[in-house]
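Before any comments, here is the structure.
Read the figures in this text as sums done on the coordinates, not as results from a lab. As the structure is a computational prediction, the values presented were derived from the model and not from experiment.
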Amino acid sequence: TWRRGPVAQARARGTSGEHHPERFIGAFPDPILRFLDLSDSMRIYLACTVRGDRGTIFVARHIHDHLVDRGHQVLTSHLLRDDVDEVERNVSNRDVFLRDLAWLDSADMVVAEASGSTFGVGFEVGYILGRAAATGQRAYVVYQADRRDTVSRMISGLSHAQGAVLEYTSLTEIDAFL
């Protein structure tokens, strides 16, 4: 079974933990994770490529550590392992789909590293944004600037009130955003 994340539960009740939509509207020159209300512990689905180009997995690990250090629960931590394919070898494709949908449903937000994006990362971001008006969930996507020409234009052109995209050039730059 799954449960809605604590921020989404509070949002549904209209009580504390509610986020202010005006903080998410407009062009996105602001830091990606600055929008996280660090006073609330959230359930976060950290999306990254599992079977595609994992050349920027260190960035996803960096984001993961930042989120965990601030008390958030990252539902997909095991996907950052170097041996993720081996670990998940005995899990059927259907079971991965159902498990990941349950995690997406229960997450307060998706943070996606899309530099080596696959169909899965795009699906996860689209799934959250497609339901965002009803759930209050958000999606934040980062990708490496020098991979701009290989990142889907649906990702790099993301303009949604419940989402934001950041093109980055270095970990040092990302540190400033975190």
Residue by residue through the range 122-133, which ³J(HN,Hα) values in whole Hz follow from phi under the Karplus form 6.51 cos²θ - 1.76 cosθ + 1.60 (θ = phi - 60°), with glycine and proline marked x?
x, 4, 4, 5, x, 4, 5, 5, x, 9, 4, 4
Convex hull over the Cα atoms of the range 93-157, averaged projected area in nm²?
4.5
Restricting things to Cα coordinates, could you compute the convex hull volume per residue of the range 34-178 in Å³?
105
